[in-house]
Amino acid sequence: MTNDYIQALTIAGNDSDGSAGMPADLHSFFCRNVYGMGLITSAVSGNSYTIEAAHIIPIDFIEQQFKTLAKDFHIRASKTGMLANDDVINVVADNYQKVDFGPLVVDPVIITKHGSMLLEQSAYETFREKLLPLATVLTPNFYEAQKLTELALDTPEEIAKGARTLQKLGAKNVMLKGRHDDASQAEVTDYVLLENGDSFTLTESYIHTNRVNGTGDTLSAVIAAELAKGNDVATAIKIAKKFVHEAIAHPIEVGHQFGPINHWAAAKKLPD
């Protein structure tokens, strides 16, 4: 039957080198046996060394993509990635509420894994007020969680408080990703707070590699794929955590400097 095959959507920017953004999301959907669609918000001209140019998709075109997809497909879950400015965040938040594209996984993409701000302050505030409350699952990295909660997140108690703070801002389920920029650390632990109040942690060994492009994209995309298949949030998050770990643990040599993670290896370790 038409539209019986499970479909998921990424609302994100395109990275021309294929390592992050929409390409990483689509790799992840494919590996989890879900048909992936892409609603593009921006595009960058980049390689393993650097990003040399960027382009934001016109707002009316972003809006049209929502309308066009909604006319035809049964999208069962979605995720967001890079939303570059106020206008993009507003059009995505407004239009997501007009369609039925399933539960939404929000990967904030506001601060890099090394602590550099990606959005201007006004766009950050728009994200916090308009998009965050739409999140079925929110997946901030350590620095994004610090910014969003205004907490240092130095202790387990403060991390739990931070997750509760994000729920009060509107996110139903929160996955606070652990810090992973300390070369001396042995493990990375993520904290998960579910909508019903249950919580748990997920820990994997820390892998020293510069092949980590697209880790956050992949994590949120796998969660979306598993939600599209009907898995509960806790199961989706656990699968995504393991998938990303395996993809980092078995690097592939693509590019000369900062490379992608290995979706093929993760797919072999975690067959659908």
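Rule-based calculations on the coordinates, nothing more; no lab input. Keep in mind that this is a model prediction, so the values were computed, not measured. A quick note on method: Cβ atoms are made from the backbone with ideal geometry, for glycine too, and the neighbour counts reach across all protein chains shown.
Suppose every K and R has +1 on its Cβ and every D and E has -1 on its Cβ; what is the size of the dipole of region 33-159 about the Cα centre, in Debye to the nearest 20?
500 debye
So, R0 is 35 Å and r is the distance between the beta-carbons of Glu63 and Asn33; what FRET efficiency does that work out to, to 0.05?
It comes to 0.70.
Charges only on Cβ, +1 for Lys and Arg, -1 for Asp and Glu: so what's the dipole of the chain about the Cα centre, in debye to the nearest 20?
560 debye
Can you list the residues of region 192-230 with backbone N under 11 Å from a point 7 Å past the Cα of Ala249, pointing along Cα to Cβ?
204-207
Would you please name the GluC sites (Glu not before Pro) within region 97-161 that are DSSP coil residues with at most 11 other C-beta atoms within 10 Å of their C-beta?
Glu150
Where does each of Arg164, Arg128 land when they are ranked from fewest to most other beta-carbon atoms within 10 angstrom?
Ascending number of Cβ neighbours within 10 Å: Arg164, Arg128.
Using alpha carbon centroids, what distance separates region 89-137 and region 1-51, in Å?
Between the Cα centres of region 89-137 and region 1-51 lies a distance of 17 Å.
Can you tell which of Leu151, Ile223, Gln257 lies farthest toward the positive end of the dipole of the chain, using +1 and -1 charges on the Cβ of basic and acidic side chains (Lys, Arg; Asp, Glu)?
Ile223
Once you place label points 7 Å from the Cα toward the Cβ at Ile56 and Ala160, how far apart are they in nm?
Label-label distance for Ile56 and Ala160, simple model: 4.1 nm.
Considering only region 7-269, what is the antiparallel percent among its DSSP beta bridges, to the nearest 5?
Rounded to the nearest five, the antiparallel share is 45 percent.
Counting other beta carbons within 10 Å of each residue's own, what order do Asp4, Asp198 fall into, fewest first?
Going from least to most buried by this count: Asp4, Asp198.
Which of the residue pairs Lys161/Lys241; Lys229/Lys268; Lys130/Lys268; Lys71/Lys269; Lys71/Lys238 have a Cα-Cα distance greater than 30 Å in the structure shown?
Checking Cα-Cα distances, Lys130/Lys268; Lys71/Lys269; Lys71/Lys238 exceed 30 Å.
In which sequence would Arg211, Arg32, Arg179 go, from the one with the fewest C-beta neighbours within 10 Å to the one with the most?
Least to most surrounded, the residues fall as Arg179, Arg211, Arg32.
With r as the distance between the Cβ atoms of Ser45 and Phe73 and R0 = 35 Å, compute the FRET efficiency 1/(1 + (r/R0)^6) and round to 0.05.
0.75
Nearest 0.05, what FRET efficiency do Glu129 and His208 give at R0 = 30 Å with Cβ-Cβ as r?
Computed FRET efficiency for Glu129 and His208: 0.20.
For P(r) over Cα pairs in 5 Å bins from 0, in percent, which listed value, (1) 1, 6, 14, 18, 21, 18, 14, 6, 2, 0, 0; (2) 1, 5, 12, 16, 18, 17, 13, 9, 5, 2, 1, 0, 0; (3) 1, 5, 9, 12, 12, 12, 12, 11, 9, 7, 5, 3, 2, 1, 0, comes from the coordinates shown?
(1)
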